[in-house]
Amino acid sequence: MEAVIFGASIGVSVLAFLFAAWLYRWIRRQPSDNLRIEELSGLIRRGANVFIGREYRAMAMFTLVASVIVFVLLPSPIWQPDPDIGILANVQMLISYLIGTVFSATAGKIGIAVATRANSRTAVAATKGIKPSFLCGFRGGAVMGLAVVGACLLGVSLVFIVTDNGTALLGFSFGASSLALFAKAGGGIFTKTADVAADVTGKVELGIPEDDPRNPAVIADNVGDNVGDVAGMGADLFDSNVAAMAAALVMGSALDKIVGGGSGGGSGGGSDRYYVTTVFCYAAIGLLASIIGVATARMGKKGNPTSALNASTYVTTALFALLTAGATLLLDAYWRPGAGGLDLGLWRIWGASAVGLLVGTVIGIVTDYFTDDRRRPVRQTSLASKDGPAFTMLSGMSYALLSTLPAMVGIGVSALAAYLLCAPLGAASGNEAEFAFFGISMAAVGMLSIVGMIISNDAYGPIVDNARGLAEMGNLGDDVVEITDTLDSAGNTVKAVTKGFAIGAAGLTVIALLGAFLAEVNEAAAKLGVKGFNGFDLMNPYVFFGILVGAAVPAVFSAMLMLGVNRNAMRMVDEIHRQFREIVGLKEGKKGVTPEYDKCIDIATTGALRELIPAGLFAIAATLVVGFVGGVDAIGGYLTGNIVSGLLLALFMSNAGGLWDNTKKYVESGHDGGKGSDTHKAAVIGDTVGDPFKDTAGPSINTQITVCSLVSSLMSTLFLSFSLPALF
């Protein structure tokens, strides 16, 4: 059965790539015969490729340095090689790390390639109606979704099959996470530099439309949508999916050793690795459900794009629940041939994954409520904006703070339910904690099971946002702009839901990674001949020290990113002012006079690369300092504080930004004064503040806590050996 499931995982991954290739060819066949639209789309594509090329070159330097450190120190120092396989363990870790970076980078590159071509076709399709335009935008996003999850499942499968080593998977995950951290932070700084500068100089100062071609920052703004919300968000969710699978497989491998194969919770019946096989089975089914969900996505001629996107997500969710239930029946019959009834152990694991899936759906619904312009929070914030920007800020921040409770409770409930469901599996062997944390990891796998559809919805957002800009800059007419506005509004709502989902999934994933950290520490302790442990005592001063430092790291990390946006945006505003001042006829829109778009793209690119490195290195360095100062006890507290503080800040900032963005669009659609009114100016200010909240700092925090968790697990042997508690 193990070989069959592994083969099926690789087969489903290949199917995802083939379907993504077919969708890409379908998009390329769609008409794009408007020369002005193609010219503008080409500028966006070239700008995105310039940024990605320069960012990846910078990341290659980081990867080169990190590779040397990984090889020398992980999983154990080369002067103290692994007692079982020696220096080969370090070689496996190095190769796994490099594969993780390559797979993550490739997924981002694929997303950029399709998104920057789908935007023009989506704009042109809007001349024929909302239905073909929606389908073009969604299928463009689906290429990214299927490519990311296919790469994730294929990469994890190959690394695990070749190395048969759960720790090597953490190296693969660290490669994906480190690149995702920089990709999301860098893309976020780029996109919000351009967006903030364009809004401040265009809407606030001059009162010109959002995508007016006179504004020198407008192309950089459209480039930013792609490098931030396509490449960056894709790398982020690739990282979360890999980390969830890695955590589940690390703990599953340990549990398979404990139970000696067979059914674990039941009577046994076969030599397959029970828990490892289950993880791959559920992950493969999740990707298959996403493929079916994408293939069946449709929208009626007068339908609502938000409803169509949500319906596709619900179809995928239901498919995963049903297909995994059927697979559970088959696995139960295989592992317990001839036995009556059902193996409660296997169904407990299914229950944990179902809980994660359900909570992911609930988080999406809550996020939708607080950010959709059809709901009370956005409309109340719009009303408050009539009295000035101070009330815009107060109202939006208050609703965003309220929005954190349901999501935080949901993550807590899912972790608790999964823990209680799976802990009894270890009662006979005295390993309740190990089985319980495995249950949490399966809840994370369940929540991320539909990530292919989630990324498809997320990448749809920047494609239709670009299409809206192209429609306005290409003078396709008010009707086309109205259609793309409708699609863009749905994209904003779905992007907010996606960010909430990504943060929730990261929350469960890092709780599971905390279990993986415990497993790695205990394995290292056994090899070193020192005492292992199962938990952390809050009264331990090392643990409390770690909690306080860990809670502060997300706040400092966010501040560094947003200050980077602030500094970079001010440089771009100065450049925009220079162009309006020095280029004769630009402000008046004289025919034949065009701004120097490349100057703004270069400012955004250079500034983003300059600002992202310190923030990423700070998060990694803080983890290392805490580990070497306080040891594994301090790291346990550090991860706990980092998780709680990080999730709260990420949810607050993402939802605040989404709410302010849709408040602005709600006013622009003619409500509470409409465009040009004082209400509109107040809403634009709220959106300008919310931009780095929702697209730079907020969604980058979940990657930061994942990276810190992985660094902690990978460095556990060194923290045990060389920290102050170990030395004194």
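Could you please let me know if residue 462 is out of contact with any Leu (no Cβ under 7 Å at 6 or more places or on another chain), part of a helix (DSSP H, G or I) and either modelled with pLDDT of 90 or more or surrounded by fewer than 24 Cβ atoms within 10 Å (Cβ to Cβ) (or both)?
Values: out of contact with any Leu (no Cβ under 7 Å at 6 or more places or on another chain): yes; part of a helix (DSSP H, G or I): yes; either modelled with pLDDT of 90 or more or surrounded by fewer than 24 Cβ atoms within 10 Å (Cβ to Cβ) (or both): no.
Answer is no for this residue.
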Next on the checklist: Need the failing condition index for residue 394 against (1) part of a helix (DSSP H, G or I); (2) modelled with pLDDT of 85 or more; (3) under 30 Å from residue 308 (Cα atoms), just the number.
Outcome noted: (3)
Checklist entry - So, of the residues in the range 128-152 that are part of a helix (DSSP H, G or I), within 14 Å of residue 468 (Cα to Cα) and not hydroxyl-bearing (Ser, Thr, Tyr), which turns out to be farthest from the chain's Cα centre (by Cα)? => result 130
Item to check | Pick from the range 73-100, criterion part of a helix (DSSP H, G or I) and farther than 19 Å from residue 242 by Cα, ranking: most open to solvent (accessible area, probe 1.4 Å) | outcome: 88
Next on the checklist: On the basis of being closer than 22 Å to residue 462 by Cα, open to solvent by less than 10 Å² (accessible area, probe 1.4 Å) and in a helix (DSSP H, G or I), does residue 185 make the cut?
Outcome noted: yes
Item to check | Subset of the range 562-617 [basic (Lys, Arg) and within 36 Å of the chain's Cα centre (by Cα)] | outcome: 567, 571, 599, 610
Item to check | Output for the range 300-323, where each listed residue is closer than 15 Å to residue 446 by Cα and in contact (Cβ under 8 Å) with a residue 60 or more places away in the chain | outcome: 313, 316, 317, 320
Checklist entry - Consider residue 370 against the criteria (1) over 21 Å from the mean Cα position of the chain (by Cα); (2) among the aromatic types (Phe, Trp, Tyr); (3) open to solvent by less than 50 Å² (accessible area, probe 1.4 Å): it satisfies all of them except one. Which criterion is unmet? => result (1)
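Given the structure, is residue 509 in contact with a helix residue (DSSP H, G or I) (Cβ under 6 Å, 6 or more places away or on another chain) and touching a residue at least 12 places away in the same chain (Cβ under 8 Å)? Please lay out each step first, then the result.
Numbers: in contact with a helix residue (DSSP H, G or I) (Cβ under 6 Å, 6 or more places away or on another chain): yes; touching a residue at least 12 places away in the same chain (Cβ under 8 Å): yes.
In short, yes.
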Next on the checklist: I need a count of the residues in the range 408-444 that are under 23 Å from the mean Cα position of the chain (by Cα) and open to solvent by 10 Å² or more (accessible area, probe 1.4 Å).
Outcome noted: 7
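Among the residues of the range 11-22, is any part of a helix (DSSP H, G or I) and over 24 Å from residue 147 (Cβ atoms)? Please lay out each step first, then the result.
Going through the range 11-22, the residues part of a helix (DSSP H, G or I) turn out to be 11-22.
So of that shortlist, the ones also over 24 Å from residue 147 (Cβ atoms) come out as none.
Within the range 11-22, none of the residues are part of a helix (DSSP H, G or I) and over 24 Å from residue 147 (Cβ atoms).
Here's the yes/no breakdown for (1) touching a helix residue (DSSP H, G or I) at 6+ places or on another chain (Cβ under 9 Å); (2) free of Cβ contacts under 8 Å to residues at least 40 places away in the same chain:
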| residue | (1), (2) |
| --- | --- |
| 10 | yes, no |
| 47 | yes, no |
| 71 | yes, yes |
| 86 | no, yes |
| 98 | yes, no |
Checklist entry - Of all the residues that make up the range 680-721, how many are modelled with pLDDT of 85 or more, open to solvent by 10 Å² or more (accessible area, probe 1.4 Å) and of a type outside the set (A, V, I, L, M)? => result 6
Next on the checklist: Which pairs turn up if I take residues in the range 50-67 that are farther than 16 Å from residue 104 by Cβ and look for partners that are open to solvent by 60 Å² or more (accessible area, probe 1.4 Å) with beta carbon separation below 9 Å, at least 6 apart in sequence or on another chain?
Outcome noted: 50/598; 50/602
Checklist entry - Does residue 629 meet the test of being among the β-branched types (Val, Ile, Thr), assigned to a helix (DSSP H, G or I), free of Cβ contacts under 8 Å to residues at least 24 places away in the same chain and surrounded by fewer than 21 Cβ atoms within 10 Å (Cβ to Cβ)? => result no
Item to check | All positions within the range 213-248 that are within 13 Å of residue 187 (Cβ to Cβ), among the charged types (D, E, K, R) and either surrounded by fewer than 24 Cβ atoms within 10 Å (Cβ to Cβ) or out of contact with any Asp or Glu (no Cβ under 8 Å at 6 or more places or on another chain) (or both) | outcome: 236
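Which ones in the range 257-280 are part of a helix (DSSP H, G or I) and either at pLDDT below 80 or open to solvent by 10 Å² or more (accessible area, probe 1.4 Å) (or both)?
257, 258, 259
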Item to check | residue 572 vs. criteria within 30 Å of residue 207 (Cα to Cα), open to solvent by less than 40 Å² (accessible area, probe 1.4 Å) and at pLDDT 90 or above | outcome: yes
Item to check | Some residue of the range 101-118 being in contact with a helix residue (DSSP H, G or I) (Cβ under 7 Å, 6 or more places away or on another chain), of a type in the set (D, E, K, R) and open to solvent by 20 Å² or more (accessible area, probe 1.4 Å) | outcome: yes
Checklist outcome for this item: residue 478 vs (1) buried (at least 24 other Cβ atoms within 10 Å of the Cβ); (2) farther than 30 Å from residue 410 by Cβ: all pass except (1)
Checklist entry - Only one of 619, 615 is hydrophobic (A, V, I, L, M, F, W, C), at negative phi and modelled with pLDDT under 90; which? => result 615
Checklist outcome for this item: Flagged in the range 57-72 as of a type in the set (A, V, I, L, M) and either open to solvent by less than 40 Å² (accessible area, probe 1.4 Å) or within 21 Å of residue 613 (Cβ to Cβ) (or both), in numbering order, are 58, 59, 60, 61, 64, 65, 66, 68, 69, 70
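Looking at this structure, is residue 440 in a helix (DSSP H, G or I), closer than 20 Å to residue 505 by Cα and at pLDDT below 90? First the steps, then the outcome.
Values: in a helix (DSSP H, G or I): yes; closer than 20 Å to residue 505 by Cα: yes; at pLDDT below 90: no.
So residue 440 does not fit the description; no.
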Checklist entry - Of all the residues that make up the range 597-618, how many are open to solvent by 70 Å² or more (accessible area, probe 1.4 Å) and either among the aliphatic types (A, V, I, L, M) or not in a helix (DSSP H, G or I) (or both)? => result 1
Checklist entry - Can you name every residue in the range 315-357 that is at pLDDT below 85, open to solvent by 20 Å² or more (accessible area, probe 1.4 Å) and of a type in the set (Phe, Trp, Tyr)? => result 334
Next on the checklist: On the basis of being touching a strand residue (DSSP E or B) at 6+ places or on another chain (Cβ under 9 Å) and polar (S, T, N, Q), does residue 90 make the cut?
Outcome noted: yes
Next on the checklist: Can you report the number of residues in the range 32-55 which are within 21 Å of residue 135 (Cα to Cα), open to solvent by less than 60 Å² (accessible area, probe 1.4 Å) and either out of contact with any Ser or Thr (no Cβ under 8 Å at 6 or more places or on another chain) or hydroxyl-bearing (Ser, Thr, Tyr) (or both)?
Outcome noted: 2
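The values are calculated or read from the model by the stated rules, or taken from the named source; none is laboratory data. Please read all numbers here as calculations on a predicted model, not as lab measurements. When we count neighbours, we look across all protein chains shown, and the Cβ atoms used for this are built from the backbone with ideal geometry, even at glycine. All accessible areas refer to the heavy atoms of the entire protein, side chains included, with ligands and DNA or RNA removed. Shrake-Rupley method; radii C 1.70, N 1.55, O 1.52, S 1.80 Å.
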